[in-house]
Structures are given as C-alpha cells and as structure tokens.
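Report on one structure; see the data block that follows.
The values are calculated or read from the model by the stated rules, or taken from the named source; none is laboratory data. Predicted, not measured: the structure shown is a model, and the values here were computed from it. A quick note on method: Cβ atoms are made from the backbone with ideal geometry, for glycine too, and the neighbour counts reach across all protein chains shown.
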There are 4 protein chains.
Amino acid sequence: MAERPDLPRRAGFGFFHSLRVRWSELDPQGIVFNPNYMVYFDIAVTEYLRALDFVYPRDFTEAGSDMFAVHASVNFCASARYDEHIDVGVRAARLGRTSFAFELAIFRGEELLVHGSLVYVNASLENRKPQLLPEPFVRKVMAFEKLPPERG
Amino acid sequence: MAERPDLPRRAGFGFFHSLRVRWSELDPQGIVFNPNYMVYFDIAVTEYLRALDFVYPRDFTEAGSDMFAVHASVNFCASARYDEHIDVGVRAARLGRTSFAFELAIFRGEELLVHGSLVYVNASLENRKPQLLPEPFVRKVMAFEKLPPERG
Amino acid sequence: MAERPDLPRRAGFGFFHSLRVRWSELDPQGIVFNPNYMVYFDIAVTEYLRALDFVYPRDFTEAGSDMFAVHASVNFCASARYDEHIDVGVRAARLGRTSFAFELAIFRGEELLVHGSLVYVNASLENRKPQLLPEPFVRKVMAFEKLPPERG
Amino acid sequence: MAERPDLPRRAGFGFFHSLRVRWSELDPQGIVFNPNYMVYFDIAVTEYLRALDFVYPRDFTEAGSDMFAVHASVNFCASARYDEHIDVGVRAARLGRTSFAFELAIFRGEELLVHGSLVYVNASLENRKPQLLPEPFVRKVMAFEKLPPERG
C-alpha cells in the first residue's frame, strides 16, 4: 500500500519515548484499550519536557501557572498488542502566546498505529486565566525542534 | 458569561448515562485524569446501544463485523471532581454506509465539562474491510434519535 | 458442590454496593483484571462510609487525620465478565484503637467471586503517627453493623 | 529506626524490574493509588518470566493450561510519588505440585515501600482443574533462584 502523504512519518519526529505494552492496558480483543493511547501521549509529553530539561510541573508552577489540556484528537490506524515495543513521537507543532500544540504519533517499527494532537493552554493557578507561555519553555522548545513550530 | 452558540447544550441530547466520579479516576490535581473522559465516553456508548436494544458486541459480531473506533476528539472545558454526579450525553450525529459518528458531551448539572466525538467504522472480523452498517442498527438509531443523524 | 464453611456468605453482609463491569476493566481473557477488584473494594468502602453518613475524606481530615490502608488481602474464586452486575459486600470486621479492618466479598447473584480484607490505620496528617479513631466513626459503625465488629 | 527483621530486604531478591511512576497511576494525595501496586506486581511477574526465558502466556497455554492468581496479599509501608524510580523485586517463594507463590517487594533505593505475595494455580484451559506445573517452568525457576523455593 502506498503511504498516504497526509499521515505523520517517523522521520518527522525528533523525539521518541519507547515503551512496552502492559497486560493491564489491553482490552478483551487483546489490543490496547483506546483511551490508553491518550495515557501514552501523556507519558511521552512528560518525557519530552524532561528531554528539554524542563521539569514538569515545577517549572510551570514556579511561574504561577500550569498547562491545561483543552483539546485532544486521536486517530486509530492499527492496534498495539501485548508486550510489543512501541515508540511515541512528540513534536511541538505550534507555539502561541498563551497556548501550544503537540503533534504525536505512535509507531511499531515503521508502522504508524495512532496519531493525534494535544492543545494546551498555560493558565494562572490563581484565576485560571490564560498567561503568556514561560519564556524558558518557548526558548527551549525553539532550540530543541529542528523543524520550527508554527508561531502564533 | 453568555453561552457560546457553537457548544453542545443538554437539550441537544436525547440520551444520557449518569455516573459518579471514582477516586481511582482522579489525578494529583484532584480532577478527573483526562483519558478517563474517553473511558466515560466508552461506557456511555455501551449504554446508548443498550437503550437502543442493540446488544454490543453480539449484534455486530453476529453479522460478521465489529465496530472499530477510528477517530476520537475531546474538548476539555471544565473538570469533574471526586464523587460528583455527571451526565454523559450521546447522540448519533452521522450514519454513513460503513461508518458512523457519535457526538458526546459531559455535563455537571447544566454546566458543560467536556465534549467531543467518536467515529467508528464497521469492519469485517475476517479481513478488517469496511462493511455496510447492520440494517437493524441503522433502523434502531433512526427510530431513537429525534433529531435525525446526518446520512452519508 | 457443598459450600465451604470458611467462605463468606451473602447473608453475612448488611451492606452492598452494586456495579456493572466496564469494558475498560477487563483483560484479554475477557475477565476483570485482578487489580480492578481492589478498585471495586475501594469504591464500595466509599459507599459504605456514605451509608454510615460519614463523609470521606472530610470527616477524617477535619479531625486532623486520614485513613491509610496498610494491608490488603484478596482471594480470587471466580471471574466477573463484561457487563455483569456484581454486588460488593462490606462489613466492618474489627475496630481497634487506631486501626480497623473491613471484610469484603464480591458476589454475582449468590455466587462468591472474590473476597478479602482491608486494614486501615488512622494517622495524623501532620506526622503520620497513628491516632485514635474518630469517635463519630466508631459510634456510627457500631450502630450500623448488626454483627458487632471485634474490638481491639 | 532499626530494621524489622520480618520485612523483606533488597538482598533477598535476585530479580528486579525497575519502572518510573506515571502521572496516571497517582491519586489525589499525589501518591500511587494502592491497586496500582498490584499492577506493578503483575508487570514484574511478566518480566521475571521473561528473565527465566519462559514466554507467558505461550509456554503455559502450549501445555494446555494457564496460571490463575488465586490469592494476593499486599502490605503498604510507604508511598511512591510522581516520576520516582522504583524497583520491584520478585522471588519464587514456593513451588508446589499444581500451584506456586511469588514473594514481591517494591523498593525506592533501599527503602521498602510495599511487599506482598501472589499465589497462582496452574489450571487446565479446558476444565479449569489444577494441573501439574509445566516441567520446564519448575526446572527454570529452580535454576534461576539462588535461595531455592520451598517445595510442596
């Protein structure tokens, strides 16, 4: 099957977190229960921030804010199974003034299993109003990503 | 705050499944961990099918197929907390030839917490190729929904 | 098969919480993943405290302490399956000075599926040292249980 | 504090599986939700079997049987927190004719957090009757453990 040009490819990601599928993450069909792909996304975002040398949640909360997910989108192409090694790619796709978006894709070897996006708003811990992204976060992301994220 | 006209309202749903937030579903912020809203969607879809008198998975697998989620989209507006009662609204928004879409929204009283959509394909259990939706499924959905789903 | 006299029986419990097995709680064998029985225990303890008119965690933390599980024991006799209704029985089996124990058993109709116990210590929120059980807790449990819990 | 002689010590385990605590595994107190220690036990048993070069479930099911947990016991001494590395020790403590027991303990560095045991019965896939443990399993366990498990 020819590759669909609109689907994310491994080469588009500079960061991957690898994990092995756990028995507890499967459903009766013997495949990963769909909401657990969102858990994988969450784990991979943590590791992406660590790779950036940005400590979550400390480096946000020190600035009086925290990142809140406002939107998640997930496309299911194929299923991961018990004990398989999978690689979760994370890429900062957009950096706005008070919000940002990650693009994520899960691969088994070269095969794309799941892809999607997560949009976060940086909001004040006090009044939940959007706040400017912490400057160190923006700087570190810009330095980390080879393909620069969209701005604005 | 004026209501945004593009957001789902309670009155738009003819079916709700109510549940109480469990301790096990919370995160360290004391709010429901985001992927668990997808678990709530999953539970509510099961109950919607039951309300239709459509037994999942039996009534699909008897026809040699099963429904596979291909896309999920979730918007997080506000958070549910420990022990709260929430209502998950489900509506068949689109019935195609081999696929269909549910619109979902989670309310705490009148307040919208989370909304999104799930798209499923009905696929052969043998070769995973898309199959026509089972006729009883289409018939029962059309009879159940007051606001008829989009066709095609 | 004759009933083993050492196993808990439905009639031994004055309190039950009923729930329906969720798809997300199953494993690839199509049965409830074992750790989820401990989640069911947790949910049922919450409901037991509610039935006592004891609000967890407020009524503990107001007294400057909280209940911490120190021991759990679970015996697996038979498995619950998708969509089944099960009843989780809870009984205060022992009330000590600073600790207490619940006996729990999960039934599908009359059939015993799982049984076990949870031991909690009431400890200071400040220094984690054991504290006397809140007097209202002891009083309400003693009033609630027909078969009085062991003391000491 | 002097070490209690009855508690498991790191040196008593020849096998450890290390993992990092996930956000999704925490509760609102910011500590691992208790049933998730049983999930950690489950993961570590899988890895123990892999270290034995025993492929679960294949090497059981090929013999027409599978291992079923019949008893779990867990003691909670201290709590693991977000992002911490923990080591789950597994030791075959007893090998009977048709059943066996693992002793497990979770450490953060030298500190004991949780310990317990899991008892399994090897049962026929056909009629659920206990079956002799597969000979290769017994042989591999005996070769692997320096402190030989109890027999019988």
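For the range D:96-108, the set of residues classified as out of contact with any helix residue (DSSP H, G or I) (no Cβ under 9 Å at 6 or more places or on another chain) and farther than 17 Å from D:HIS71 by Cα consists of D:ARG108 only. Residues of the range C:17-28 that are within 14 Å of chain D (Cβ to nearest Cβ), closer than 21 Å to D:VAL70 by Cβ and either within 16 Å of the chain's Cα centre (by Cα) or modelled with pLDDT of 95 or more (or both): C:GLU25, C:ASP27.
For the range D:82-105, what are the residues that are small (Gly, Ala, Ser) and under 12 Å from the mean Cα position of the chain (by Cα)?
D:GLY89, D:ALA92, D:ALA93, D:ALA101, D:ALA105
The sole residue among C:GLY96, C:GLY64, C:GLY12 that is more than 30 Å from D:VAL45 (Cα to Cα), of a type outside the set (Ser, Thr, Tyr) and out of contact with any Lys or Arg (no Cβ under 8 Å at 6 or more places or on another chain) is C:GLY64. Looking across the range C:106-138, the residues that are closer than 22 Å to C:ASP59 by Cβ and under 18 Å from the mean Cα position of the chain (by Cα) come down to C:LEU118, C:VAL119, C:TYR120, C:VAL121, C:ASN122, C:LEU133, C:PHE137, C:VAL138. Any residue at all in the range B:119-134 that is among the basic types (Lys, Arg), farther than 30 Å from A:PHE68 by Cβ and modelled with pLDDT of 95 or more? Within the range B:119-134 (the criterion being among the basic types (Lys, Arg), farther than 30 Å from A:PHE68 by Cβ and modelled with pLDDT of 95 or more), the answer is no, since none of the residues qualifies. All conditions but one from (1) touching a Phe, Trp or Tyr at 6+ places or on another chain (Cβ under 8 Å); (2) closer than 27 Å to C:PRO28 by Cβ; (3) not hydrophobic (A, V, I, L, M, F, W, C) apply to A:GLY109; the one that does not is (1). When D:SER79 is tested against (1) at pLDDT 95 or above; (2) under 17 Å from the mean Cα position of the chain (by Cα); (3) not β-branched (Val, Ile, Thr), just one condition goes unmet, and that condition is (2). Here A:THR46 fulfils each of the conditions (1) touching a strand residue (DSSP E or B) at 6+ places or on another chain (Cβ under 8 Å); (2) of a type in the set (Val, Ile, Thr); (3) more than 10 Å from chain B (Cβ to nearest Cβ) apart from (1).
Cβ separations smaller than 7 Å between residues 6+ apart or across chains give the following pairs from the range D:120-147 residues that are assigned to a loop (DSSP other than H, G, I, E, B) to residues that are aliphatic (A, V, I, L, M): D:LYS129/D:ALA123; D:GLN131/D:ALA123; D:LEU133/D:LEU95; D:PRO134/D:ALA63; D:GLU145/D:ALA92.
Filter the range C:53-76 for residues that are over 24 Å from B:GLU84 (Cβ atoms) and of a type outside the set (A, V, I, L, M, F, W, C); which is farthest from the chain's Cα centre (by Cα)? Here the residue is C:GLY64.
Here the strands (runs of 3 or more DSSP E) wholly within the range D:12-112 that include at least 2 residues being more than 17 Å from A:ARG20 (Cβ to Cβ) and of a type in the set (Phe, Trp, Tyr) are D:65-76, D:99-108. Listed by first and then second residue, the pairs with beta-carbon distance under 7 Å, at least 6 apart or on different chains, first residue in the range D:29-41 and in contact (Cβ under 8 Å) with a residue 40 or more places away in the chain and farther than 15 Å from C:ASP66 by Cβ, second hydrophobic (A, V, I, L, M, F, W, C) and surrounded by fewer than 22 Cβ atoms within 10 Å (Cβ to Cβ), are D:VAL32/D:VAL21; D:TYR40/D:LEU19. Among residues of the range A:67-89 that are more than 14 Å from B:HIS71 (Cβ to Cβ), those with a Cβ under 7 angstrom from a residue that is of a type in the set (A, V, I, L, M, F, W, C) and modelled with pLDDT under 95, sequence gap 6+ or separate chain, pair up as A:MET67/A:PHE60; A:PHE68/A:ALA123. Mind checking which residues of the range C:14-54 are over 16 Å from C:VAL119 (Cα atoms) and among the polar types (S, T, N, Q)? Passing the criteria: C:SER18, C:SER24, C:GLN29, C:ASN34, C:ASN36.
When C:ASN122, C:ASN127 are screened for being surrounded by fewer than 17 Cβ atoms within 10 Å (Cβ to Cβ) and more than 17 Å from C:PRO148 (Cα to Cα), only C:ASN127 passes.
Criterion applied to C:ASP87, C:ASP53 was being farther than 21 Å from B:TYR40 by Cβ, more than 14 Å from chain D (Cβ to nearest Cβ) and at pLDDT 95 or above, and the one residue passing it is C:ASP87.
With respect to the conditions (1) free of Cβ contacts under 8 Å to residues at least 40 places away in the same chain; (2) away from chain B (no Cβ under 11 Å), A:GLY14 lacks only one, and its number is (1). Of the residues screened, D:GLU103 is one that is under 21 Å from C:GLY116 (Cα atoms) and either at pLDDT below 95 or not basic (Lys, Arg) (or both). Taking the numbered list (1) in contact with a Gly (Cβ under 7 Å, 6 or more places away or on another chain); (2) within 13 Å of another protein chain (Cβ to nearest Cβ) in turn, B:GLY96 passes all entries but (2).
For the range A:21-36, the criterion of being within 28 Å of A:ALA143 (Cα to Cα) and touching a helix residue (DSSP H, G or I) at 6+ places or on another chain (Cβ under 8 Å) is satisfied by no residue at all. Taken over the range A:10-61, the criterion of being surrounded by 17 or more Cβ atoms within 10 Å (Cβ to Cβ) and small (Gly, Ala, Ser) is satisfied by A:SER24, A:ALA44. Taken over the range D:56-79, the criterion of being β-branched (Val, Ile, Thr) and facing another protein chain (nearest Cβ under 10 Å) is satisfied by D:VAL70, D:VAL74.
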